[in-house]
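The values are calculated or read from the model by the stated rules, or taken from the named source; none is laboratory data. As the structure is a prediction and not an experimental result, all values here were calculated from the model. Here the Cβ positions follow ideal geometry from the backbone for every residue, glycine too, while neighbour counts run over all protein chains shown.
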Amino acid sequence: MMNAPESPQVGGRRSRSMFIIPTLFTSANIFCGFYAAVASLKGYQVLGADLAESTRYFNHASLAIGWAVLFDSLDGTIARMTKATSDFGIELDSLADVLSFGIAPAILIYAWGCGMAAPGLGVDMGELAWAVSFMFLVCGAYRLARFNVQSHRLMPSTKKERKHFIGMPIPAAAGLIAAVVHFLPQPLTTLRGRVFHLFGEPVVMDAGVWSLGLLVLAVTLSILMVSTVRYVSFKEAASFHVSARRSVLYLSLLVCGIYFYSRWVLLLIASTYALQPILAKAFHILKSPHGGSAAMEAASKT
């Protein structure tokens, strides 16, 4: 007796259930972004009353953004693996990214770095921080909109575009802000006259200088997001043939490093990716067989 074909109703239920899985990860991304925004506001609220509690809230906000980066990478990966991609999922993912990687880090920049109007080089740090935070949000939204338009226009077979992003991805920009806050969760506005030990050496920290440095970092990331600088896309990581044994080893080392030295490891990863175009260009020059000879020839002519 031949097996009866599966009814459309059962097949429809199964296909719909496949779309639920990546949507759950996107929802987790949204939750992390909302939690990060609320934690930043709570940290700002108790900043003048309880410094330890404020520091804890800001650290939680940075970790929530980090988790959002993880969920954002997983929802797309799972959707492609299960062939459950849809226009609805793409739009929902973009809205989630605006919250988790646009609004949440913008609030964190303002509240953690300059919310209490730290004295800074004759500049009203509060108003400047407000403007820079808004700039970060707008540039991030522009980056997402441009990415969506390019994704619809470009042919999926374009190998060069599949392996590179045009402009710094907004999760990477938000991830670097979160890594910086996680590295030093104490609000910058409270660091005036305090000593921070770096590699055992005391460093006197001034609130105004560090707050201004944060704003410069935020402006730089904003410009990178709307630039045409190419960043490597890890969506095609499967194209790099790495043995299963090495993959498990690398992943284990990464997990152990993050667990025991999360402040240093996360900051190193985020900073390395932000500097990736510069590092890739330098590596290409050094690797090129004509790079060294050209440099020697130029030096001999001078």
Looking at (1) small (Gly, Ala, Ser); (2) at pLDDT below 90; (3) surrounded by 10 or more Cβ atoms within 10 Å (Cβ to Cβ), which is the only condition Ser243 fails?
(3)
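Out of Ser17, Ser94, Ser100, report the one residue that is modelled with pLDDT of 75 or more and over 30 Å from Thr190 (Cα atoms).
On the way: Ser17 fails: modelled with pLDDT of 75 or more; Ser100 fails: over 30 Å from Thr190 (Cα atoms).
Selected residue: Ser94, the only one of Ser17, Ser94, Ser100 that is modelled with pLDDT of 75 or more and over 30 Å from Thr190 (Cα atoms).
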Tyr231 meets each of (1) at pLDDT 80 or above; (2) part of a helix (DSSP H, G or I) with one exception, condition (2)
Among the residues listed as Met168, Met155, the single one being at pLDDT below 75 and in a loop (DSSP other than H, G, I, E, B):
Met155
